[in-house]
Amino acid sequence: MHSISPSFVRPYPVVLPIKHGLDIALILLAAPLWMPLLLVISTMIAAQGGSVFFSQIWIGQNGHPFRIWKFRTMRPSAEGRLAALLQILDVREEWERHGKLVNDPRQTWFGQILRRHSLDELPQIWNVLRGEMSLVGPRPLLPEELRREYGAFAATVLLVRPGMTGAWQVSGRNRLSYAQRLDLDLAYARNPSFKRDLAILARTVRAILRGTGH
């Protein structure tokens, strides 16, 4: 597995072991909450048939690709249906703008609940434990999305690990334009702060409980 071309990403040699240590500590403290959730959600998805987890290759710190994990929210035939859906102009525009569909007809009923409360991203705890992600950081990106939308600013965004949550997720999410999202990611990458991380985590909990995800 190779990283993005050095001409596209500026290497960032600084490692933040303290932040990673705090991530692990918070995950362990919250284990009584997320471990039962993982078990219940996995059981519910398995009962519907098909795989429990979904994974993709995304881009992480310093441009290194990694496999990100989520709970499966789509029907088994989802990939085959996408091409047909993208023939609809409004759907194609939303897909090109966000890389996903807010009201995706390919979702299962349970998948819609998971997406609404952002619980489909719970398996990314594994990515955090592996040091590929942080609890808080810029949103992880697909390679083509990074090149198309972030351009010369990609190197700055990739200075830090992507996060399970971040300023984008608690500031409007899909209601924001890519330019607004880029501004939030750049602001975080240029000035990461433990105090800001705690504030974002608190707002994330409220968003999960209110079901303002997607």
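Things worth noting here:
- Sorted by Cβ density within 10 Å, fewest first, the residues L209, L122: L209, L122
- The fewest-to-most ranking of E149, E121 by surrounding Cβ atoms within 10 Å reads E149, E121.
- Averaging the Cα positions of each part gives two centres, and for segment 27-58 and segment 157-188 these lie 25 Å apart.
- On the basis of the beta-carbon distance and an R0 of 30 Å, Q180 and L39 show a calculated FRET efficiency of 0.20.
- Theoretical FRET efficiency, 1/(1+(r/R0)^6), r = Cβ-Cβ of Q56 and F194, R0 25 Å, to 0.05: 0.30
- Cα gyration tensor, segment 146-214 - rounded (a/c under 1.5), prolate or oblate: oblate
All of the numbers you see were taken from the coordinates with simple rules; none came from a lab. Fair warning: this is a prediction, and the values are worked out from it, not measured in the lab. Neighbour counts run over all protein chains shown; Cβ positions are idealised from the backbone, glycine included.
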